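Engineer: Below you'll find the structure I mean.
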Amino acid sequence: MKYLEVRNLSCVRDDRSLFKALDFDLASGQLLLIEGDNGSGKTSLLRILCGIRLPEQGRVSWHTGAEQLKAEVAVHSNESYAGDMVFLGHLDGNKLDLTVAENLEFSRSLALGNDCSIAQALERVGLKHFEDLQVSNLSAGQRRRLALARVLMSGASLWILDEPFTALDQQGIEMVEQIISGHLQQGGLVIMTSHHRVSFDRTMIISINLSQ
Amino acid sequence: MIKSSLARVFFALLKRDLLLAFRHRSELFNPLLFFVLVVTLFPLGTGADTKLLQAIAPGIIWVAALLAAMLSLDTIFRSDFEDGSLELLLLNPHPTSILVLAKVLAHWLITGLPLMIIAPLLALFLGMDQELIGLLVVTLFLGTPVLSLIGAVAIALTVGLKRGGILLSLLVLPFYVPVLIFATNAIEMAMSGLPVTAQLWILGSFLLLAITLTPWPTAAALKLSLS
Amino acid sequence: MMKFIHKTASPPYFYQLSGRWIPWLAGITVLLLLAGLYGGLIVAPTDYQQGESYRIIFIHVPAAWMSLFVYIAMAVAGAIGLIWRIKLAESVAVCSAPIGAGFTLLALITGSMWGKPMWGAWWVWDARLTSELLLLFLYFGVMSLYAAIADKRVASRAVALLALVGVVNIPVIHYSVEWWNTLHQGPTIAKFDKPSIDLRMLIPLLIMATAFKFYYVWALLLRVRVELLERERNTQWVKLLLKQLKG
């Protein structure tokens, strides 16, 4: 059973303390919803959790199954952690001048495992038959879907999603919610921020409010 | 598994960047055009005295190449930073330093190589001896990748800034001095018929050093810029 | 050991400690400077080749030494800050840059003042002056990078990284410039034969060098203290300190 352990995490940005002494555990099948006002440090927290940003204090460890492998994310991005985690930021990370398929092919070569083929991933996010279109021709919502297809394909167990619903229509939001629940049911972990009210099974959700 | 796929990732990234550059062909010519323009300005500024131009030709061509290389640096990481794909390059199980190397190689193929190809023409403009042109190309071949590699560190430090332009030149130019010195010195020595193997070896060792040493600070700097 | 270092390097403790050192450092610096200047300007004999104008070396040479020394100190502090994430080390690296740039500028100005009667020109592309000029650019690079990045914690890490890259390159730059200079044989200096230096010249020179070192530590502490206060202005100990100052 995989789990993420966060202890005594604090973050300072531009000399301002955003959050202090944050503790939580997240286990397989759980979703962590990070709430808070604008500027309360949600994005900074996600960046610390995925290993881009260094925390002011504290420790993030990733435990995987029987081996008890510990990856100290806070120190530097660790191979075993980086291979088991996927991040979707504010920016989609798509190359506008590449086609949909080219984008996914490239991100697939970066990932270690892969769960499904490009066609399957595109079908699940509702972008079937868009393979050969340049991303610059897609709408903002479609680009977000493409980024989600990348998440789906990564084969990672921990998904870190920053506002995954941005630019999506109602049907898109429902689709993403389904994808996330599916991932949780398969024993995955999700950490996300969202302005939308999410409709997941309450038993799986832990939430943290950074404004309090 | 990670090791065997490293080469695959390297070439996938190289291919992606070359493909992107190919789809943006017009941008390819900007540094090249700058290079030609700067070199053209010199005879206009100094007078068209053949002797004088011949004497300072290596310096002119190298300074112009250096400035052109510097101006093109921004393209290494800028677009990746703006569309978020830089995050993906850092957050994967492969060592960032290798990915950085792939990006710098792509950048050199896009900007450095064309400079190398057009330089002989400019050398003729300035009346350089034809036998020396081969040597000029060799110095560019050894020197311009060093410029890209060192420049990558500086651009990685400044990519998150809105106006990094002048700062970039301040960061980069002092580090370019050794390359400039040995490259132009090689050509000048050859002009007076002296052997230049020492200079070429030194340039070659700069290149090897830059390949082995610069990817780490570049990777670390990228992480800082994204945090 | 690490515990001791972390305790000493913790900002509030350091702030107190350095407060007690500063008057001593200031006193020693002034005394050494006076002694060195007296020795250099009055006691030391006139040079038989250069006359009185050589006396500027009592400023120039220690300044040039310090310009390199401070850069290395900055890189070492930066490395410590990067590896062990000690805030104090980061501040030391950042605060060293302007002081080092000051020494470099001083070395350049005194060098050209010395050069005017010697070479008949204010500026000559002499190897050492050129290296010194490039060093000044390196310092400027460090300072502008720090100024350009808004988040000062990130900025000081970036500066540390740059200083480390720079410190690897300084010898390369220095020897390249020397090679360039010897090969070009431009309007270079008639090299003076180096007589063994008179003790009456050497001693003031060494005193001045020590005085400059003390000045560096003094100026550094003053800067680091301000820097720490500014960075930690939202912490408890700074607020407490301010309250105490207000009375």
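Read-outs throughout are calculated quantities, based only on the coordinates presented, and are distinct from any laboratory measurement. All of these numbers come straight from a predicted model, not from anything done at the bench. We place every Cβ from the backbone using ideal geometry, glycine too, and count neighbours over all the protein chains shown.
Engineer: Quick one: which of B:103/B:223; C:7/C:213; A:20/A:42; B:162/B:223; B:223/C:152 span more than 19 angstrom between C-alpha atoms?
Structural biologist: Long pairs (Cα-Cα over 19 Å): C:7/C:213.
Engineer: I'd like the mean, over residues of B:78-91, of how many other protein chain beta carbons sit within 10 Å of each residue's own Cβ.
Structural biologist: Rounded to a whole number, the mean comes out at 6.
Engineer: At 0.36 nm per residue, and after removing the present C-alpha to C-alpha distance, how many nm does the segment from residue A:140 to residue A:206 gain when stretched out fully?
Structural biologist: Length gained, residue A:140 through residue A:206: 20.8 nm.
Engineer: Let me ask something else. Rank-order C:50-56, B:144-150 by packing density, defined as the average count of other C-beta atoms within 10 Å over each peptide's residues, highest first.
Structural biologist: B:144-150, C:50-56
Engineer: What are the ³J(HN,Hα) couplings of the stretch A:177-194, residue after residue, when phi is run through the Karplus curve with 6.51, -1.76, 1.60 and θ = phi - 60°? Round to Hz, x for glycine and proline.
Structural biologist: Ordered by residue, 3J(HN,Hα) equals 4, 5, 4, 5, 4, x, 5, 5, 5, 7, x, x, 10, 9, 10, 8, 10, 6 Hz.
Engineer: For chain A, what relative contact order do you get, as a whole percent, if you take Cα pairs closer than 8 Å and at least 6 residues apart? Could you put the intermediate results ahead of the total?
Structural biologist: Values: 398 pairs, mean separation 58.0, N = 212.
Result for chain A is 27 percent.
Engineer: At q = 0.08, 0.18 Å⁻¹, what is the log10 ratio I(q)/I(0) for chain A, with the Debye formula run over Cα points and no solvent?
Structural biologist: Result of the Debye calculation: -0.27, -1.34.
Engineer: What 222 nm value per residue comes from the helices of chain C, counting each DSSP H run with n ≥ 4 as -39,500 (n - 2.57) and dividing by all residues, nearest 500 deg cm²/dmol?
Structural biologist: Taken over chain C, the calculation gives -28000 deg cm²/dmol.
Engineer: How far apart, in nanometres, would the label points at residue C:168 and residue C:123 be if each is projected 7 angstrom from Cα along the Cα-to-Cβ direction?
Structural biologist: The two pseudo-label positions are separated by 3.1 nm.
Engineer: If I take all pairs of Cα atoms in the protein assembly as shown, what percentage of them are more than 52 Å from each other?
Structural biologist: In whole percent, the long-distance tail amounts to 21.
Engineer: In straight Cα distance, which lysines are under 27 Å from residue A:128, not counting same-chain residues fewer than 8 positions off?
Structural biologist: Output for residue A:128: A:95, B:15.
Engineer: Okay, moving on. How far apart, in nanometres, would the label points at residue C:240 and residue B:141 be if each is projected 7 angstrom from Cα along the Cα-to-Cβ direction?
Structural biologist: 6.7 nm
Engineer: Give me A:1, B:189, B:70 sorted ascending by neighbouring Cβ count inside 10 Å, so fewest comes first.
Structural biologist: Going from sparsest to densest Cβ surroundings: A:1, B:189, B:70.
Engineer: Summing -39500 (n - 2.57) over the DSSP H runs of n ≥ 4 in chain A and dividing by its residue number, what mean residue ellipticity at 222 nm do you reach, to the nearest 500 deg cm²/dmol?
Structural biologist: Mean residue ellipticity, 222 nm, calculated: -8500 deg cm²/dmol.
Engineer: Where does each of A:193, C:110, B:218 land when they are ranked from fewest to most other beta-carbon atoms within 10 angstrom?
Structural biologist: C:110, A:193, B:218
Engineer: Inside 10 Å of the C-beta atoms of A:33-41, what's the mean count of C-beta atoms belonging to other chains?
Structural biologist: What the average comes to for A:33-41 is 0.
Engineer: Right, another one. Quote the charge dipole size of the stretch B:10-105 about the Cα centre in Debye, to the nearest 20; the model charges only the Cβ of Lys and Arg (+1) and of Asp and Glu (-1).
Structural biologist: Roughly 280 debye for the stretch B:10-105.
Engineer: Between residue A:7 and residue A:33, what FRET efficiency follows from the Cβ-Cβ distance if R0 is 30 Å, with the result rounded to 0.05?
Structural biologist: On the way: r = 20 Å, r/R0 = 0.66.
For R0 = 30 Å, the calculated efficiency reads 0.90.
Engineer: Could you identify which residue out of C:11, C:171, C:62 has the top mean-square fluctuation in a GNM of chain C using Cα springs shorter than 10 Å?
Structural biologist: Ranking C:11, C:171, C:62 by mean-square fluctuation puts C:171 first.
Engineer: For residue A:24 and residue B:7, FRET efficiency with R0 = 60 Å and r from the beta-carbon atoms, rounded to 0.05?
Structural biologist: On the way: r = 39 Å, r/R0 = 0.65.
It comes to 0.95.
Engineer: Which percentage, to the nearest 5, of the DSSP beta bridges contained in the protein assembly as shown is antiparallel?
Structural biologist: Numbers: 20 of 38 bridges.
So the antiparallel bridges in the protein assembly as shown amount to around 55 percent.
Engineer: Quick one: which residues, 5+ away or cross-chain, put their amide H under 5 Å from the amide H of residue A:88? H built at 1.01 Å from N.
Structural biologist: Amide H neighbours of residue A:88: A:160, A:161, A:162.
Engineer: Regarding chain C, what whole-number volume in Å³ per residue does the convex hull of its Cα atoms give?
Structural biologist: Expressed per residue, the convex hull around the Cα atoms of chain C is 155 Å³.
Engineer: Mind telling me which of A:146, A:168, A:133 comes out most flexible in a GNM of chain A, alpha-carbon contacts under 10 Å?
Structural biologist: Most flexible of the set in this elastic network: A:133.
Engineer: Test of understanding: ordering B:111, C:182 by Cβ neighbours within 10 Å, fewest first, what list do you get? Let's see the in-between values first.
Structural biologist: Details: B:111 26, C:182 10.
Lowest count first: C:182, B:111.
Engineer: Rounded to the nearest 0.05, what FRET efficiency is calculated for residue A:167 and residue B:46 with R0 set to 35 Å and r the Cβ-Cβ distance?
Structural biologist: 0.05
Engineer: May I pose another question? What's the average, rounded to a whole number, of partner chain beta-carbon atoms within 10 Å of each residue's beta-carbon in A:11-21?
Structural biologist: Working: counts 0, 7, 5, 5, 10, 2, 2, 0, 0, 0, 0.
The per-residue average across the peptide is 3.
Engineer: Further question: Most mobile of B:199, B:54, B:130 per a Gaussian network model of chain B (Cα springs, under 10 Å)?
Structural biologist: It is B:130.
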